[in-house]
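Dropping the structure in here first, questions after.
Quick note: the coordinates plus some simple rules give every number you see, no bench work behind them. No experiment lies behind these values; they were computed from the predicted model shown. When we count neighbours, we look across all protein chains shown, and the Cβ atoms used for this are built from the backbone with ideal geometry, even at glycine.
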Amino acid sequence: MAEFKEDPKPVVPLWLVSFGDMMTNALTFFILMVSMSHQRNYGLIAKGLGSFVVALKSHGMPGLMSAGEKAAIFDEFRARFNLPPEEDPERREAHVDASDLELIRAAAAKALEPHDELYQPAVAAFEPGSARLGDASRAYLDRLADTLRPSRTQVLLLEGHALDAGPGFGEDDARLALARAEAVREYLLKEHEIPADRVEARAWLVEVEPDGAGTRCVDARLVTPARRK
């Protein structure tokens with residue numbers, strides 16, 4: 001009679017990392033940074049620990065916890081360092097969003113990485129208050145399409161400008177600027193089949209030039225990441 005052999009139990013893959021493992025690594029890194037610091041700011045330590053606990057309890061999903069629940073966690077850690085609760089609503093809100101702000105800082109740092117770019121100003125011009133792409137701008141984009149076409153390692157950034165938003169855009173210049181950039185993007189995607197994941201539409205939130213043709217156009221930047229040595 002054959003010997004009975006029990007089926008082997010499933011083994012957890014070595015590459016599998018849980019959310020708890022990830023947060024533990026983040027906390028370890030935070031503790032190392034605090035221990036190596038030249039000075040101790042207990043307010044910042046409480047803020048960092050609070051951000052960790054908020055992320056852990058909300059399972060990485062923003063909005064799962066209310067602002068009051070998050071603030072209570074931060075105040076608890078402040079109390080552990082003999083610090084009073086944060087009374088300033090603006091600073092309290094900053095504590096609640098500390099984790100998100102760190103992600104934004106990381107994204108900004110990535111944008112500052114070395115790169116080369118080809119700048120092409122005013123690839124499309126618009127009538128005052130409009131985001132409609134005119135015939136002249138379409139023809140100009142047709143001539144520039146091959147120059148603007150990104151390779152697999154490049155990204156084409158389209159930057160809209162506006163200082164002339166009317167009621168149709170809620171008198172929101174940034175909204176009009178983004179609509180202009182989106183109009184150029186859609187035209188390049190449809191008429192010249194540029195890959196959608198290689199073209200980004202953006203808006204200038206604050207214009208540096210006075211109202212004029214330069215604030216009713218879309219600029220283009222063909223960005224190439226620098227090769228790492």
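Which of Ile194, Ile73, Ile31 has the fewest other C-beta atoms within 10 Å, and how do the rest follow up to the most? Each step should come with its number before you reach the end.
Values: Ile194 18, Ile73 21, Ile31 13.
Ordered from fewest to most neighbouring Cβ atoms within 10 Å, Ile194, Ile73, Ile31 come out as Ile31, Ile194, Ile73.
Where does the charge balance sit around Pro195 when Lys and Arg score +1, Asp and Glu -1, over other residues with C-beta under 10 Å from its C-beta?
Taking every other residue near Pro195 into account, the sum is +1.
Give me Ser137, Ser130 ranked fewest to most by other Cβ atoms within 10 Å of their Cβ, as a rough exposure proxy.
Taking fewest neighbouring Cβ atoms as first place, the list is Ser130, Ser137.
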